[in-house]
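The values are calculated or read from the model by the stated rules, or taken from the named source; none is laboratory data. Owing to the predicted nature of the structure, the values given are computational and were not obtained by experimental measurement. Positions of Cβ are generated from backbone atoms using ideal geometry, with glycine treated the same way; all protein chains shown enter the neighbour counts. Heavy atoms of the whole protein, side chains included, go into the accessibility calculation; ligands, DNA and RNA do not. Shrake-Rupley method; radii C 1.70, N 1.55, O 1.52, S 1.80 Å.
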Amino acid sequence: MPIKLTTIMITRFIVNLIYCCWSYIAFIIVIIPGYLLVTLSPKLSYRQAFCKMTAQALLLLMGQKITNASDNLIPRNALILINHTSYIDAVIMRASLPKDTSFLIKDEVNRVPLVGLFLRRIDSIFVKRKSRSSRADSLLAIRAKLKTGGRVAIFPEGTFSKNPGIKKFHLGSISLAHEEKIPIVSMAISGARKMLTSGSWFLKYSRLSLTFDQLIRPEEFKEPSVMAENIRNNFSKITGEELLNG
């Protein structure tokens, strides 16, 4: 291997190592006061605001600037669909979306000490993906929030992997939106998979972005599956990742 190429690789590793260490220091700096403010505040609106501020502060310390989606961009009673690429996605979503947005989260996270309490305090919805009754209950919870003017954000792929690509969507919430004529906002995350790859905790610098895709009126589509494929195709165009069969 040429000496110049080796030097570049070593330099890049050192830079990423410094960035990784600083990012975790930044996490500790903001998470302790943020956690206390969220878990101890008596009012939900305060807890959601503190959570958003914590996520914004973390990204700012990490050298990231994410567009803040306004209430005009994301109407009330909207279902928000976002592609899933990394654990960093949750921070990007919380920093960018309106503070009163609720999130659909897998139930395994709810059972993690301290983390579960934090997520419950910001009005999250939990689902056991392998339980039919839990999936049905989560859809009822989503419907209730949307019917009362709330916003709910979900990862329709359900999970993410190391390899790039847009997975098939789970159609439960999308079918609900189609049936109830609930507007859908689709937004695409870029850069997060490169920053924190699945199966690794080594953070590498990558420019993060959350791009508004489109506001969808479900009545314009005959079937939920057609609507889902439309969103998947747009995610692919924005992120440059291929569509996957699984």
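One line per residue, one yes/no per condition, for (1) in a helix (DSSP H, G or I); (2) surrounded by fewer than 16 Cβ atoms within 10 Å (Cβ to Cβ):
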site: 14; (1), (2): yes, yes
site: 32; (1), (2): yes, yes
site: 38; (1), (2): yes, no
site: 49; (1), (2): yes, no
site: 52; (1), (2): yes, no
site: 71; (1), (2): no, yes
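Which of the residues belonging to region 85-102 are open to solvent by 10 Å² or more (accessible area, probe 1.4 Å) and out of contact with any Lys or Arg (no Cβ under 8 Å at 6 or more places or on another chain)?
Of everything in region 85-102, those that are open to solvent by 10 Å² or more (accessible area, probe 1.4 Å) and out of contact with any Lys or Arg (no Cβ under 8 Å at 6 or more places or on another chain) turn out to be 87, 88, 90, 91.
This table checks each residue for (1) surrounded by fewer than 19 Cβ atoms within 10 Å (Cβ to Cβ); (2) farther than 21 Å from residue 85 by Cα; (3) among the acidic types (Asp, Glu).
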{"site": "162", "(1), (2), (3)": "yes, no, no"}
{"site": "189", "(1), (2), (3)": "no, no, no"}
{"site": "201", "(1), (2), (3)": "yes, no, no"}
{"site": "212", "(1), (2), (3)": "yes, no, no"}
{"site": "215", "(1), (2), (3)": "yes, yes, no"}
{"site": "218", "(1), (2), (3)": "no, yes, no"}
{"site": "239", "(1), (2), (3)": "no, no, no"}
{"site": "244", "(1), (2), (3)": "yes, no, no"}
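Give the number of residues within region 111-130 that are surrounded by fewer than 17 Cβ atoms within 10 Å (Cβ to Cβ), out of contact with any Ser or Thr (no Cβ under 8 Å at 6 or more places or on another chain) and touching a residue at least 12 places away in the same chain (Cβ under 8 Å).
Total meeting the criteria: 2.
Yes or no: region 62-69 includes at least one residue that is without any contact (Cβ under 8 Å) to a residue 24 or more places away in the chain and either in contact with a His (Cβ under 9 Å, 6 or more places away or on another chain) or not in a helix (DSSP H, G or I) (or both).
Yes, the conditions are met somewhere in region 62-69.
Look at region 56-69 and say how many of its residues are closer than 17 Å to residue 20 by Cα and either buried (at least 19 other Cβ atoms within 10 Å of the Cβ) or aliphatic (A, V, I, L, M) (or both).
The total comes to 7.
Taking residue 223 as the residue in question, decide whether it is without any contact (Cβ under 8 Å) to a residue 24 or more places away in the chain, within 25 Å of residue 143 (Cα to Cα) and either crowded, with 17+ Cβ neighbours inside 10 Å or not hydroxyl-bearing (Ser, Thr, Tyr) (or both).
no
Can you tell me which condition residue 124 does not meet? The list is (1) hydroxyl-bearing (Ser, Thr, Tyr); (2) modelled with pLDDT of 95 or more; (3) within 22 Å of residue 224 (Cα to Cα), and all the others hold.
Unmet for residue 124, out of (1) hydroxyl-bearing (Ser, Thr, Tyr); (2) modelled with pLDDT of 95 or more; (3) within 22 Å of residue 224 (Cα to Cα): (3).
Here are some conditions: (1) at pLDDT below 95; (2) surrounded by fewer than 21 Cβ atoms within 10 Å (Cβ to Cβ); (3) closer than 21 Å to residue 161 by Cβ; (4) under 19 Å from the mean Cα position of the chain (by Cα). Residue 233 meets all but one. Which one does it not meet?
So residue 233 meets the others, but not (1).
Name, by its number, the condition in (1) closer than 26 Å to residue 176 by Cβ; (2) assigned to a helix (DSSP H, G or I); (3) over 17 Å from the mean Cα position of the chain (by Cα) that does not hold for residue 90.
(3)
Which of the residues belonging to region 137-160 are buried (at least 19 other Cβ atoms within 10 Å of the Cβ) and under 16 Å from the mean Cα position of the chain (by Cα)?
Result: 151, 152, 153, 154, 155, 156, 157, 160.
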